[in-house]
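Below is one structure; the comments refer to it alone.
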Amino acid sequence: MSKKIFSGVQPTGNLHLGNYLGAIKNFVDLNNDNQNECIFCVVDLHAITVKQDKDQLKNNIRETTATFIASGIDPSKSIIFNQSKVHAHAEGSWILSCMAPMGWLNRMTQFKEKAGKDKEKASVGLYIYPILMASDILLYDATHVPVGEDQKQHLELTRDIAHKFNKDFDCVDFLRVPEPLIKKDFSRIMSLKDGLKKMSKSDPSDLSRINLTDTKDEIINKIKKAKTDSFSLPNEEHKLKDRPEAENLLGIYSSVLNQTLDKTLEEFGGKNFSDLKSQLAEVLSSKISPISDEIKKLINDKNYLDKVLAEGANKAEEIAGKKIKEMKKIIGF
Ligand code: AMP
Ligand code: TRP
């Protein structure tokens with residue numbers, strides 16, 4: 001069956017191995033399947049839910065675009081564009097925010113994590129962030145949305161909003177209810193410094209993550225310094241319980257090589273972390289360094305990146321513009 005794919009990544013810099021293995025690698029596989037229609041969005045409106053530096057934001061939009069292309073997304077096959085260029089996203093977000101009850105939003109755990117202790121100071125945008133995400137997805141009649149595990153709740157909200165709109169306005173199937181595409185295994189890559197914390201752009205320690213722009217030497221050094229425990233590696237999955245660092249490094253190795261965790265456990269069972277680390281550093285640098293080199297090359301070609309985004313925005317506008325028109329008509333505007 002042909003799928004309509006939509007996903008987004010925030011242009012907030014430091015794209016890392018978690019973004020790659022949790023999301024972008026899947027985008028590439030979906031892009032490579034000729035049956036699919038794919039749209040990948042640089043979600044710059046989402047980025048401004050927290051304060052951004054103007055010049056930095058501009059660079060990050062281009063860098064995220066470069067990362068998509070360097071990872072293997074082909075702009076002649078998939079639409080790549082930045083969200084702020086297509087008006088319908090913000091307009092749709094307003095309409096949907098008038099449908100979605102506050103109680104649904106109050107359940108969102110990511111807001112609680114991001115807003116921290118002082119919720120009164122968080123922006124209203126951060127609070128309604130998942131509604132903008134719903135607007136992104138629903139405007140394109142997306143059937144499938146590839147994301148990392150942390151976005152599962154936002155996808156469920158999107159589905160609920162679609163159902164509610166269709167019911168409230170008596171327009172069965174007008175908003176298509178999308179399916180999440182979340183990899184079963186390794187959908188959550190953890191920090192190299194703490195196996196209980198998600199690998200994240202915003203972690204103050206650069207040693208906690210492998211950035212997609214890291215050099216070979218940086219990758220080797222970060223893997224060398226990654227946290228371990230003091231036991232040898234087990235040969236069975238259930239023995240990874242309470243060993244988050246071992247689980248994470250073995251998971252990363254498996255995911256990069258597209259092999260099962262069982263196979264990796266077979267390979268390393270009974271060995272020391274140092275054996276795993278040297279193999280992992282090699283596998284990672286051979287996979288990530290070419291992407292890193294390509295990002296650095298592309299980032300210098302601003303005209304090319306801007307052209308990809310402009311062409312993508314024209315195509316996206318055609319689809320989303322039509323949908324928002326229909327949506328407004330249904331409401332009574
Ligand atoms: P963001 O950069 O927050 O817009 O995230 C972009 C994509 O990367 C989303 O699909 C996230 O679910 C995914 N992602 C972010 N961090 C991780 C992680 N540590 N492990 C797996 N996926 C992640
Ligand atoms: N909220 C997502 C994240 O932080 C990014 C995002 C915005 C997105 N709009 C989307 C993902 C639409 C999938 C579909 O990772």
Practice task
Give the residue that is nearest to residue 27 (Cα to Cα), with candidates limited to residues of segment 187-207 that are open to solvent by less than 30 Å² (accessible area, probe 1.4 Å) and more than 16 Å from ligand 2 (Cβ to nearest atom).
Solution key: 190
Exercise for the section: Answer with yes or no whether residue 33 is assigned by TED's automatic domain parsing to the domain that holds residue 111, crowded, with 18+ Cβ neighbours inside 10 Å and acidic (Asp, Glu). Expected result: no
Problem - Test set (1) within 16 Å of ligand 1 (Cβ to nearest atom); (2) open to solvent by less than 70 Å² (accessible area, probe 1.4 Å) - residue 184 fails condition number - result: (2)
Practice task
Can you confirm whether segment 33-40 contains a residue that is within 29 Å of residue 56 (Cβ to Cβ) and within 12 Å of ligand 1 (Cβ to nearest atom)?
Solution key: yes
Exercise for the section: Can you give me the number of residues within segment 92-103 that are touching a helix residue (DSSP H, G or I) at 6+ places or on another chain (Cβ under 6 Å) and either loosely packed, with under 14 Cβ neighbours inside 10 Å or of a type outside the set (Ser, Thr, Tyr) (or both)? Expected result: 4
Handout entry: Contacts under 8 angstrom Cβ, first residue in segment 161-176 being farther than 12 Å from residue 134 by Cα, partner among the polar types (S, T, N, Q), 6 or more apart
Key = 172/166; 173/166; 174/166
Exercise for the section: Please go through segment 136-163 and pick out each residue that is within 22 Å of residue 111 (Cα to Cα) and charged (D, E, K, R). Expected result: 136, 149, 150, 152, 156, 159, 160
Handout entry: Some residue of segment 114-124 being among the charged types (D, E, K, R) and either within 12 Å of ligand 2 (Cβ to nearest atom) or surrounded by 14 or more Cβ atoms within 10 Å (Cβ to Cβ) (or both)
Key = yes
Completion exercise
The residue that is surrounded by the most Cβ atoms within 10 Å (Cβ to Cβ), considering only those in segment 245-272 that are hydrophobic (A, V, I, L, M, F, W, C) and in a helix (DSSP H, G or I), is 252
Handout entry: Criterion violated by residue 157 - all others in (1) open to solvent by 60 Å² or more (accessible area, probe 1.4 Å); (2) within 16 Å of ligand 1 (Cβ to nearest atom) satisfied
Key = (1)
Handout entry: Selection count, segment 3-17, where residues are surrounded by 23 or more Cβ atoms within 10 Å (Cβ to Cβ) and either under 11 Å from residue 68 (Cα atoms) or at pLDDT below 95 (or both)
Key = 2
Problem - Residues (part of a loop (DSSP other than H, G, I, E, B) and within 16 Å of ligand 1 (Cβ to nearest atom)) located in segment 100-137 - result: 108
Handout entry: Filter result for residue 80 (out of contact with any Cys (no Cβ under 6 Å at 6 or more places or on another chain), assigned to a helix (DSSP H, G or I) and modelled with pLDDT of 95 or more)
Key = no
Practice task
Kindly establish whether residue 231 is touching a residue at least 40 places away in the same chain (Cβ under 8 Å), open to solvent by 10 Å² or more (accessible area, probe 1.4 Å) and among the aromatic types (Phe, Trp, Tyr).
Solution key: no
Exercise for the section: For residue 29, state whether it is more than 12 Å from ligand 1 (Cβ to nearest atom) and closer than 25 Å to residue 289 by Cβ. Expected result: yes
Handout entry: Test result for residue 224, under 24 Å from residue 259 (Cα atoms), outside any loop (DSSP other than H, G, I, E, B), open to solvent by 60 Å² or more (accessible area, probe 1.4 Å) and more than 16 Å from ligand 2 (Cβ to nearest atom)
Key = yes
Exercise for the section: Taking the residues in segment 62-91 that are open to solvent by less than 10 Å² (accessible area, probe 1.4 Å) and in contact with a Lys or Arg (Cβ under 8 Å, 6 or more places away or on another chain) as candidates, determine which candidate is nearest to residue 309 (Cα to Cα). Expected result: 81
Completion exercise
Subset of segment 152-201, residues polar (S, T, N, Q) and more than 28 Å from residue 258 (Cβ to Cβ), comes to 158, 166
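The values are calculated or read from the model by the stated rules, or taken from the named source; none is laboratory data. Quick caveat, the model's predicted, so the values are computed rather than measured. Every residue, glycine as well, gets a Cβ built from its backbone with ideal geometry; the counts of neighbours run over all protein chains shown. Note: areas computed on protein heavy atoms with side chains; ligands, DNA, RNA excluded. Shrake-Rupley method; radii C 1.70, N 1.55, O 1.52, S 1.80 Å.
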